[in-house]
Amino acid sequence: MNFLDLAADLATKIDPHIVAPNPRVGCIVVKDGKIIGQGVHEKFGGEHAEVNAIKDLENINYCEIYITLEPCDIFPHKKTPSCTDLLIQKTPKKIIVGSLDPKFGGRNLEKIKKAGIEVEMQLNEKCNSLNPFLEKFVNTGLPYVTVKLAQSLDGKITGPSRYISNEFSRKKVHEMRAQYSAILTTTETILQDDPSLDCRLDGSSNPDLIVVGEREIPKKSKIFSIPNRNIHFFKTHNLEEVLEECGKKGIDSIMTECGATVCTDLLQKNLIDEIQLFIAPEIFGKGKNSFTKEVDLTGFKLVDTKDIGGDVFVKFTRQR
Ligand code: AOF
Ligand code: ZN
């Protein structure tokens, strides 16, 4: 087993919502082929993975340090000391890094090399995919956007009952909500379904809510009954503008919970990074379609499929 894969597996266990807007990072310390220390970045503002991995070790002079992400260095308003300086000071034998931090773009690796420590960059798929939100946000200033859809086999998003997908799929949606900074919905959806759009999982906070559209929302709507949740209203239908504004507010990730019009618009305008689709094994015949116009999905690649208690779950990400 590759030690970078192992470090990535450690970081995968961390809820992205708890470290956000920081990345998930894992670190493993190896001496003579054996793991002697390991650590992750557990929560926003907390110690970094490298610090946790080496804290119980007397010295790391003969060790290789595997880190999923390029170590950090100082920048304004930083909460913890520089891991780059820490590693330079502790002089390990070698540092192996699985992905670059877009904030530093490799310059911290150069700094460590200049200090005389061997550094190897081993681009690793698992490490790279730990932080898709961060990568998009840092590189573009825009949030990572996921369209979430529940439909029947014949592509209908409205049917005979309130819910299309089963209870297990709906639990997964709550897990998804815990990972995103915000949920995007529309005034139409709120008027039609009166959803709460909160995250009903123990220990998780609620993502912000972005409401797009011009229609008036009654004060008694359930969205207003969720305490300590930010709601951002946008009267415009210009979705590029909405996403730019969200980026400026520091929102790095959005999932949609709305009707077909906005999802179709987002897809047509190339504003989507990921599609998560729950397909109920039913044929409704009548109902609203998932997409209101033709959409070109050829740039997306299948990355996951699951049977969720009889529903089919598929996940696609945009290839860049
Ligand atoms: C690392 N190891 O485990 C993490 C890193 O405000 P701070 O001090 O917590 O710094 C946050 C920044 O550090 C974050 O934006 C990202 O660039 C980097 N994250 N770096 O060396 C870690 N979580
Ligand atoms: Zn750090």
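Observations on the model:
- Looking across region 68-91, the residues that are of a type in the set (S, T, N, Q) and within 10 Å of ligand 2 (Cβ to nearest atom) come down to THR80, SER82, THR84.
- Residue in region 213-228 that is closer than 19 Å to THR146 by Cα and aliphatic (A, V, I, L, M) present: no
- Tallying residues that are within 14 Å of ligand 2 (Cβ to nearest atom), among the polar types (S, T, N, Q) and within 19 Å of GLU135 (Cβ to Cβ) within region 12-57 yields 1.
- If you go through region 262-320 and keep only what is of a type in the set (Lys, Arg) and either part of a loop (DSSP other than H, G, I, E, B) or over 21 Å from the mean Cα position of the chain (by Cα) (or both), you end up with LYS269, LYS286, LYS288, LYS293, ARG320.
- Pairs meeting the criteria (first residue in region 225-238 and closer than 10 Å to ASP198 by Cβ and among the small types (Gly, Ala, Ser), second residue modelled with pLDDT of 95 or more and surrounded by 13 or more Cβ atoms within 10 Å (Cβ to Cβ), beta carbons under 7 Å, at least 6 apart or on different chains) are SER225/SER196.
- Checked against the criteria, ASP85 counts as without any contact (Cβ under 8 Å) to a residue 24 or more places away in the chain, among the acidic types (Asp, Glu) and either part of a loop (DSSP other than H, G, I, E, B) or more than 10 Å from ligand 1 (Cβ to nearest atom) (or both).
- Residue check, ASP265 touching a helix residue (DSSP H, G or I) at 6+ places or on another chain (Cβ under 8 Å) and either at pLDDT below 95 or under 21 Å from LYS156 (Cβ atoms) (or both): yes
- Among the residues of region 107-126, those identified as part of a helix (DSSP H, G or I), under 30 Å from GLN179 (Cβ atoms) and either modelled with pLDDT of 95 or more or of a type in the set (Gly, Ala, Ser) (or both) are ARG107, ASN108, LEU109.
- Of the residues in region 106-119, at least one is closer than 17 Å to ASN2 by Cα, within 15 Å of ligand 1 (Cβ to nearest atom) and in contact (Cβ under 8 Å) with a residue 12 or more places away in the chain.
- Enumerated strands (runs of 3 or more DSSP E) restricted to region 156-259, each holding at least 2 residues that are surrounded by fewer than 21 Cβ atoms within 10 Å (Cβ to Cβ): 231-234
One line per residue, one yes/no per condition, for (1) touching a Phe, Trp or Tyr at 6+ places or on another chain (Cβ under 8 Å); (2) crowded, with 18+ Cβ neighbours inside 10 Å; (3) within 23 Å of GLY106 (Cα to Cα):
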residue	(1), (2), (3)
ASN2	no, no, yes
ILE14	no, yes, no
GLY33	no, no, no
VAL40	no, yes, yes
ILE54	no, yes, yes
GLU58	no, no, no
GLU64	yes, yes, yes
GLU70	yes, yes, yes
SER82	no, yes, yes
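The values are calculated or read from the model by the stated rules, or taken from the named source; none is laboratory data. Keep in mind that what you see is a predicted model, and the values were worked out from it rather than measured. Reconstructed Cβ throughout: ideal geometry from the backbone, glycine too, with neighbour counts over all protein chains shown.
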